[in-house]
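Reviewing the structure listed below.
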Amino acid sequence: MIITIDGPAGTGKTTIAEKVAAKLDYRYFDTGAMYRAVTYLIINDKINLGNESELETLLKQFQFDIRKDEGNKRYFVEDQDVTTVIRSREVTQHVSEVSAKPIIRAALVEIQRRFGKKGDTVFEGRDMGTVVFPEAELKIFLTARPAVRAERRYLELKDSVTQSTQEDVLQELLKRDHFDSTREASPLKQAEDAHLIDTSDLTIEQVVDRILALIKRSK
Ligand code: DC
């Protein structure tokens, strides 16, 4: 069974998708981390986003992997652990622009679909229910009030090196949502057959329970 969880940043997608996958003993795939990893490589290798042949070469060699290390998930590009660097402010500021490129989306969607063939998986992202797995058995779309989402992101980032204020985080998040929702290639939007859950006033456990109840009902 394929379960898709889409929605904007700060709705709790990653934590919720991971917990749902663990409860069901399903695989879990964070597609945002993939777009972040490509963005990191583009910045690091100083690739010009307008240069399609350089992008093609990069995408052909791109090897992304999620591994478990003592219960924690780590993200790898080939043998490099990129778990921390893909969350940097620089990557966050550029990832929307990178993920709007059709050539990049096409390559990553192919990897995601290949992974989906391995069996039961919870896929988390922006276009999982609309484009990548339109036939998924259960689709969830998470939302939350912008101020709540910004506060969650701010608390996540507070201990890292970034000097952002909560207002900076809110403004960057709104800018990224706008870009992700209005781009031409696979914009962020709710699939018609997705279940909408507003997580603003719910705990993680409450959202997970709702999703598990929906799964039970759909079987
Ligand atoms: O979930 P996240 O914040 O880590 O995602 C980072 C960016 O990647 C987000 O701004 C939009 C993009 N993304 C996408 O375009 N399609 C996906 N399936 C997942 C993420």
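Taking Arg145, is it away from the ligand (no atom under 13 Å from the Cβ) and under 30 Å from Asp193 (Cα atoms)?
Criteria met by Arg145.
Of everything in region 18-45, what is of a type in the set (A, V, I, L, M) and in contact with a Gly (Cβ under 9 Å, 6 or more places away or on another chain)? Give them in sequence order.
Met34, the sole residue that qualifies.
Select from region 97-106 the residues that are surrounded by fewer than 18 Cβ atoms within 10 Å (Cβ to Cβ) and touching a helix residue (DSSP H, G or I) at 6+ places or on another chain (Cβ under 7 Å) and list them in ascending order.
Within region 97-106, Ile103 is the sole residue that qualifies.
Could you check Ala107 against (1) within 13 Å of the ligand (Cβ to nearest atom); (2) out of contact with any Leu (no Cβ under 6 Å at 6 or more places or on another chain); (3) part of a helix (DSSP H, G or I) and say which number it fails?
If we test Ala107 against (1) within 13 Å of the ligand (Cβ to nearest atom); (2) out of contact with any Leu (no Cβ under 6 Å at 6 or more places or on another chain); (3) part of a helix (DSSP H, G or I), just (2) comes out false.
For region 12-35, name all the residues that are open to solvent by 30 Å² or more (accessible area, probe 1.4 Å) and near the ligand (Cβ under 10 Å from one of its atoms).
Matches in region 12-35: Thr14 only.
Only one of Gly125, Gly119 is among the small types (Gly, Ala, Ser) and open to solvent by 20 Å² or more (accessible area, probe 1.4 Å). Can you tell me which?
Step by step, each of Gly125, Gly119 is checked, and only Gly119 is among the small types (Gly, Ala, Ser) and open to solvent by 20 Å² or more (accessible area, probe 1.4 Å).
State whether one or more residues within region 153-162 are at pLDDT 95 or above, surrounded by fewer than 19 Cβ atoms within 10 Å (Cβ to Cβ) and not in a strand (DSSP E or B).
Within region 153-162 (the criterion being at pLDDT 95 or above, surrounded by fewer than 19 Cβ atoms within 10 Å (Cβ to Cβ) and not in a strand (DSSP E or B)), the answer is no, since none of the residues qualifies.
The values are calculated or read from the model by the stated rules, or taken from the named source; none is laboratory data. What you see is a predicted model; the values in this text were computed from it and never measured. Please note: Cβ atoms are built from the backbone with ideal geometry, for glycine as well, and neighbour counts cover all protein chains shown. Areas reflect the complete protein model, heavy atoms only, side chains present, ligands, DNA and RNA absent. Shrake-Rupley method; radii C 1.70, N 1.55, O 1.52, S 1.80 Å.
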